[in-house]
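Structure record follows, encoded as structure tokens.
Only the coordinates and a few stated rules stand behind these numbers; no lab work does. Just so it is clear, the model here is predicted, and its values are computed rather than measured. Here the Cβ positions follow ideal geometry from the backbone for every residue, glycine too, while neighbour counts run over all protein chains shown.
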């Protein structure tokens, strides 16, 4: 498990990355995130929804309700063009930052 | 101690109180809860305990939603309009006070007149800061929200400026503060508020996620 503070700043980036693949609903995002990280990245689920709503207010994702074959409708989130561009920008920033930290750590070990 | 899904949602409903998106949030979380329960092989009371540990107590979830609502952009717009209206009203009160020769107003006016350029720069800086904060808060939508807020907020400034420029207001009202150079500078800088704030909004949007 990682320091929660490390994960906090990158949750939105991970969510944008997942939504780039396809529209997803909240529970699905949590499951995919958990599966892909072998449950090492366990987002506090209650904070995921406010984060999604915030991204929607900011125009980086859009939501829509979709009726299921069985049961009630679900709220899906999808990436907008602005979200796509923000994802590119943040991914570049994150890569540069992690490369820098890796190189610094490499030098000291 | 929460024992059932229904109780969790009821508690969350109470905590969300007057949140404008309350119904949608509850519907969304009810679906999440339903999914969680459907994948659980333990009793409901155990499953809801597990869910609460992972998802958070209703009070924590409601608090996290407290700062996020679809009403935020309009509230921010309103606050900007009010803020400028208050500053404008203070300026107006001061001008009237000086003109009517109310005690203390002339001294205050004289003091402020000594810092007129500083005041203009400070006021311009306020709009740049607002632009940055709108970008940081509202990301890609910040520009549109900011433009809407600025257009509304600056109506009193523009009306006053037009009245002063076209001689509808006696120049003696502002004679200490408004020489020609200052007046032209005010007009030009006011014209730059929107593009300059939007530029700062773009910088702010880089910090939005």
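Can you compute the helix-only [θ] at 222 nm over chain B? Use -39500 (n - 2.57) per DSSP H run of at least 4 residues, normalise by all residues, nearest 500 deg cm²/dmol.
After summing the helix terms and dividing by the residues of chain B, the value is -25000 deg cm²/dmol.
Between residue A:96 and residue A:84, 0.36 nm times their residue separation minus their Cα-Cα distance comes to what?
2.5 nm
How large is Rg/Rh for the protein assembly as shown, to two decimals, with Cα atoms and a Kirkwood Rh?
We get a ratio of 1.12 for the protein assembly as shown.
Could you work out how far helix B:142-153 tilts from the main Cα principal axis of chain B, as a 0 to 90 degree angle to the nearest 10?
40
Assuming R0 = 41 Å, what is the FRET efficiency of residue B:152 and residue A:5, from their Cβ-Cβ distance, to the nearest 0.05?
On the way: r = 39 Å, r/R0 = 0.96.
It comes out at approximately 0.55.
What is the spin-label model distance, in nm, from residue B:183 to residue A:69 if the labels are put 7 Å beyond Cα along the C-beta direction?
7.6
So how tilted is helix B:44-55 from the main axis of chain B? Cα-based, degrees 0 to 90, rounded to 10.
It works out to around 30 degrees.
Considering only DSSP beta bridges with both partners in the protein assembly as shown, what is the antiparallel share in %, to the nearest 5?
Expressed as a percentage, antiparallel bridges in the protein assembly as shown total about 100.
In degrees, nearest 10, range 0 to 90: what is the angle between the Cα axis of helix A:26-36 and the longest Cα principal axis of chain A?
Computed tilt is about 40 degrees.
Suppose the Debye formula is applied to equal point scatterers at every Cα of the stretch A:4-108; what is log10 I(q)/I(0) at q = 0.14 Å⁻¹?
Log10 of I(q)/I(0), two decimals: -0.60.
In Å and from the alpha-carbon atoms only, list the Rg and Dmax of the stretch A:55-107.
Every Cα atom of the stretch A:55-107 included, Rg and Dmax give 17.8, 56 Å.
Could you work out the helix-only [θ] at 222 nm for chain A, with each DSSP H run of four or more residues adding -39,500 (n - 2.57) and the total divided by the number of residues, to the nearest 500 deg cm²/dmol?
-20000 deg cm²/dmol
Could you work out the percent of alpha carbon pairs in chain B separated by over 26 Å, rounded to a whole number?
Value for chain B (Cα pairs over 26 Å): 55 percent.
Just to be sure I understand the model, the point goes 7 Å from the Cα along the line to the Cβ. What's the resulting residue B:159 to residue B:206 distance in nm?
Distance between label points: 3.9 nm.
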